[in-house]
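Colleague: Attaching a single structure in structure tokens format; questions to follow.
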Amino acid sequence: MKYDVVIIGGGLSGLVAGITLQKAGKRTAIISTGQNALHFFSGTFESLQEPSQRIKDLFLEAGVRVHYNPGVRLTPMGTFKEAALSLEDIDLFPSEKIGKRVLIVNFQGYHDFFSSFLAEGLEKQGMQCRVRFLNLPELERLQQSPSEMRSVQIARTVDPLWEKVVQEVRLLLKDEDTVILPQVFGLADTSVPGRIRQGIPARVVFAGTLPPSVPGVRTQILLRKRYQLLGGTYLMGDEVVRAHVHEGVVHSVATKNLDSHYVEASEAFILSTGSYFSKGLVANPFRVYEPVFGLDVEYKEDRNAWYNPSFAGDQPYMHFGVKASADLLALKDGEPLQNLYVAGSVLGDTHPEFGSAAGQAIQSALFVADKILGL
Amino acid sequence: MKLQEFTSSKHNFEECMKCTVCTAYCPVLQANPLYPGPKQAGPDGERLRLKDPYFFNKALKYCLNCKRCEVACPSGVAVADLIQAARIRYDHTPPKLRDRMLASTDFMGSLARPFAPLVNFGTGLGISKTLLDATLKIDHRRSFPKYSGRSFEGWLKRHRKEQAAFPEQVAYYHGCYVNYNYPQLGKDLVKVLNALGIGVQLLEKEKCCGIALITNGMSATAKKHADHNVAQLRQAVMDKGLKVVTTSSTCTLTLRDEYPNLLGVDNADVRESILMATRLICEKLEQGAQLKFKADYHKKIAYHVPCHLERLGWGVFSERLLRGIPGVEFYLLDSACCGISGTYGFKKENYETSQAIGEALFSQIRALSPDVVACDCETCKWQIEMSTGFQVMNPISILAEALE
């Protein structure tokens, strides 16, 4: 199969590059080994400064509502982190003082939302917290199998019942100025979080849950849909098993599902395979490597220097990444491959000018797409 | 120390990192609270089952085997295979008469064919549906596939000579549906391949692929089918040097992947030669072959990628072919399960689950209101036609219709 550009990796950076290239009239395919790190998405883009109109438009056209409001976001542990751009249902606050009295509401039987951690964290900041549980009869079906009562299942059940949720929370509300709910709304209908906010006479904050992240799954679904509507080919659940590289040029790749039916790109390939979770980088006891092309990886020789014994501390291995030229062309044996670009978290922190995490995924993907388009 | 024995198994289960992504894409989990979900039923359960079969949970029978968990898994765990393999290994409940009947698609087909008009009339009657529901627990709301009076095999045998005249040849594994229910699809394939200069021949004697036997607890019989079919495939591939094409996504997945992964039947020497016809046609077109289409063809087509084609990763070929027909307005439906999963949706205890799972797909089809829904799976066709009223055609039949 022949395309103009073939993108290996279907997460945030792969989709952003794919959408941008399709919009510019290129024929592209994305090869994705299963789902991606968007399923763990906090809903905020930590390192993105004032985003360009083009980034806002890209999301808006896909139906992903974002807002730019630099400040701090509430973490599921009741602490705060800096952020600038976020999905519309994730609040960014000017300071850590988000309210005086806080009502934290969870669903009965839902174990992936840590209401007591949240309360503990917020009380340390001088806020008064009260935790209450909601019991909707419609959720009883899910409660039958407690280990499977997860964010996505709850979202599918409660989205159509948002009015009921509003009524129940209003009944629980006493003199609190802030209500915290788990991020389990707006999976299929993105207007639900906004409606809940409007219906409750207090500031409503949606706080993160354990994975899957409902805002993340929603973002993945909407971006993929947009990409496919633009005519892009999304090969889900497939994996590149071999790359055909000759004299510094990638000609085609073979995948597990398409075996001898090679996927060719006439203009460029993009490697956006993510970090360790998505196997964009693989670590074994001896080395850290990039499994598709065997690209050069920046990492420390001494294995003891890979990690920080303090679990919560900054972990050096998280900075490792594939080496790329200033144009983000991948390096192999010290030389850039002529048509293989690298984007997203497979870069690690090797190019700090693109920021980190979700911000880097977007910035580097746009940069690479522009290079391919000759902009 | 034999630690390895207790900590590793086939199907990559130790690669699971408990990320829960699979649970977001399981169609059953949302519709049926009795099902423990792919993570629990698959890798989590496997860890316990390896230590003691006591931990096998009979609720694993609610798994559709749609493989969506495997497609979604970022770590390459064969979640659905783990579940089906556990059912084969630990569930020794003898299958009910109903399940035996539903699973024996070729046997039932050969019984029904000589009396097709009578059988079709009978299964269409309200009274027989009530009876089947009461006696066998086959849900009365379900419409039954019609049987054809003449088999596809018989038809192709009558055309053997003219097919042999084509310079290039392929073998066709037609499956039970084309042979007993809908020979027209087989004839459509012959028309399209002939237009590309390819003649079609039968395998010497194919048997049902056996997927329904596997999912209905009759894996020993399924293995006999697999051994037989692999020998037949070898004859075509190794002795005659032919590729073997198919028009059913589920038969294809079974022949290629379920045989080695679930039944332990080695097919490594023939696996790569078993192709959906859509893939073979795409390959021919890429090599420069051309198809001539009607100038005035116009159709609004909504394409549903069946779960097993999604697992094969080959929906892209049907999509390409359909998009390539001049005058086609093409829509790709959202990736979702229709809910029937072969014989699953016919069972009274699964009917509600089955319809609830398919609802998202049905409402998208109703909203689009296409001229026709395209799909490479026969049971999806029954489900979508029954649940939406829209006609469903195999992409091969659409190609045949659009050809000059």
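The values are calculated or read from the model by the stated rules, or taken from the named source; none is laboratory data. Here the structure is a predicted model, which is why all the values come from computation and not from measurement. Cβ placement follows ideal geometry from the backbone for every residue including glycine, while neighbour counts extend to all protein chains displayed. Keep in mind that these areas ignore ligands, DNA and RNA; they rest on the heavy atoms of the full protein, side chains included. Shrake-Rupley method; radii C 1.70, N 1.55, O 1.52, S 1.80 Å.
Colleague: Of B:R89, A:R141, which has the most accessible area and how do the rest follow, probe 1.4 Å?
Modeller: Ranking B:R89, A:R141 by accessible area, largest first, yields B:R89, A:R141.
Colleague: What does the accessible area of A:E96 come to, in Å² to the nearest 10, when a probe of 1.4 Å is used?
Modeller: Using a 1.4 Å probe on the heavy atoms, I get roughly 80 Å².
Colleague: Moving on. Give me the Kirkwood hydrodynamic radius of the protein assembly as shown in Å, from all C-alpha pairs, to one decimal place?
Modeller: 28.0 Å
Colleague: Let me ask another. Let me have the relative contact order for chain A, percent, based on Cα pairs under 8 Å that are six or more residues apart.
Modeller: 22 percent
Colleague: Now, a different point. Can you give the accessible area per residue of region A:281-361, in Å², using a 1.4 Å probe?
Modeller: 51 Å²
Colleague: Still on this structure, please answer the following. In region A:154-176, which residues become less accessible by 40 Å² or more once every protein chain is in place, relative to the chain on its own, using a 1.4 Å probe?
Modeller: Output list: A:R156.
Colleague: May I ask what percent, to the nearest 5, of DSSP beta bridges between residues of chain A are antiparallel?
Modeller: Bridges in chain A are about 45 percent antiparallel.
Colleague: Can you give the accessible area of B:V265 in Å² (nearest 10), computed on protein heavy atoms with a 1.4 Å probe?
Modeller: Approximately 10 Å² for this residue.
Colleague: A further question on this structure: Quick check: at a probe of 1.4 Å, how many percent of the accessible area of region B:3-90 sits on carbon and sulfur atoms?
Modeller: 56 percent
Colleague: Each residue of region B:249-265 in order: what ³J(HN,Hα) in whole Hz does its phi give by Karplus 6.51 cos²θ - 1.76 cosθ + 1.60, θ = phi - 60°, with x for Gly and Pro?
Modeller: Whole-Hz 3J(HN,Hα) from phi for region B:249-265: 5, 6, 4, 5, 4, 5, 4, 7, 10, 5, 4, x, 7, 10, 9, x, 9.
Colleague: Let me ask something else. Kirkwood-based Rg over Rh for chain B (C-alpha set), two decimals?
Modeller: 0.96
Colleague: Using a Förster distance of 25 Å, how high is the FRET efficiency between A:K300 and A:D333, based on the Cβ-Cβ distance and rounded to 0.05?
Modeller: Plugging the Cβ-Cβ distance into 1/(1 + (r/R0)^6) gives 0.80.
Colleague: Report, as an integer, the average count of C-beta atoms from other chains found within 10 Å of each Cβ along B:271-279.
Modeller: Mean number of neighbouring Cβ atoms from other chains: 1.
Colleague: Could you state the accessible area per residue of chain B in Å², with a 1.4 Å probe and every protein chain left in place?
Modeller: 40 Å²
Colleague: Would you kindly derive the ³J(HN,Hα) couplings of region B:205-210 from the backbone phi angles with the Karplus curve 6.51 cos²θ - 1.76 cosθ + 1.60 (θ = phi - 60°), listing them in order in whole Hz, with x for Gly and Pro?
Modeller: Coupling constants for region B:205-210: 7, 8, 10, 3, 4, x Hz.
Colleague: Where in chain A are the DSSP H helices whose alpha-carbon span along the long axis reaches 20 Å or more and whose Kyte-Doolittle mean is at least -1.0?
Modeller: Correct list, ordered by number: A:214-229, A:357-372.
Colleague: Roughly speaking, what is the centre-to-centre gap between region A:294-318 and region A:166-215 when only Cα atoms are used, to the nearest Å?
Modeller: Region A:294-318 and region A:166-215 have Cα centres spaced 39 Å from each other.
Colleague: I'd like to compare A:6-15, A:296-305: which one has the highest average count of other Cβ atoms within 10 Å, and what's the full order after that?
Modeller: Highest-to-lowest ranking by the protection proxy: A:6-15, A:296-305.
Colleague: Under a 5 Å amide H to amide H cut-off, with H placed in plane at 1.01 Å, what residues pair with A:A207 once short-range neighbours are removed?
Modeller: So A:A207 has HN proximity to A:L181, A:Q183.
Colleague: In whole angstrom, how far apart do the alpha carbon centroids of region B:8-59 and region A:1-28 sit?
Modeller: About 34 Å separates the Cα centre of region B:8-59 from the one of region A:1-28.
Colleague: Please check: in the Gaussian network model of chain B (C-alpha springs, under 10 Å), which one of B:P38, B:P27, B:P167 has the largest mean-square fluctuation.
Modeller: Of B:P38, B:P27, B:P167, the Gaussian network model singles out B:P167 as fluctuating most.
Colleague: Another question, if that's okay. Could you sort A:D333, B:D376, A:D57 by their accessible area in this structure, using a 1.4 Å probe and putting the largest first?
Modeller: Highest to lowest solvent-accessible surface, that is A:D333, A:D57, B:D376.
Colleague: Using only DSSP helix segments of four residues or longer, with each worth -39500 (n - 2.57), what per-residue ellipticity at 222 nm results for chain B after dividing by its residue count and rounding to 500?
Modeller: Value at 222 nm, helices only: -13000 deg cm²/dmol.
Colleague: Moving on to the next point. Counting each DSSP H run of 4 or more residues in chain A as -39500 (n - 2.57), what helix-only mean residue ellipticity at 222 nm follows after dividing by all residues, to the nearest 500 deg cm²/dmol?
Modeller: Only helices count here, giving -7500 deg cm²/dmol.
Colleague: Given a 1.4 angstrom probe, I'd like the percentage of the accessible area of region B:124-214 that is carbon and sulfur, rounded to a whole number.
Modeller: After summing per-atom areas, the C and S share lands at 57 percent.
Colleague: Can you give the mean number of other chain Cβ atoms that lie within 10 Å of the Cβ atoms in peptide B:17-29?
Modeller: Partner-chain Cβ atoms within 10 Å, mean over residues of B:17-29: 6.
Colleague: Using a 1.4 Å probe and counting only protein heavy atoms, arrange A:S364, B:S363, A:S191 so the residue with the most accessible area comes first.
Modeller: Ranking A:S364, B:S363, A:S191 by accessible area, largest first, yields B:S363, A:S191, A:S364.
Colleague: What accessible surface, in Å², does a 1.4 Å probe find on B:W155, ignoring ligands, DNA and RNA and rounding to the nearest 10?
Modeller: In the full protein context, B:W155 sits at about 50 Å².
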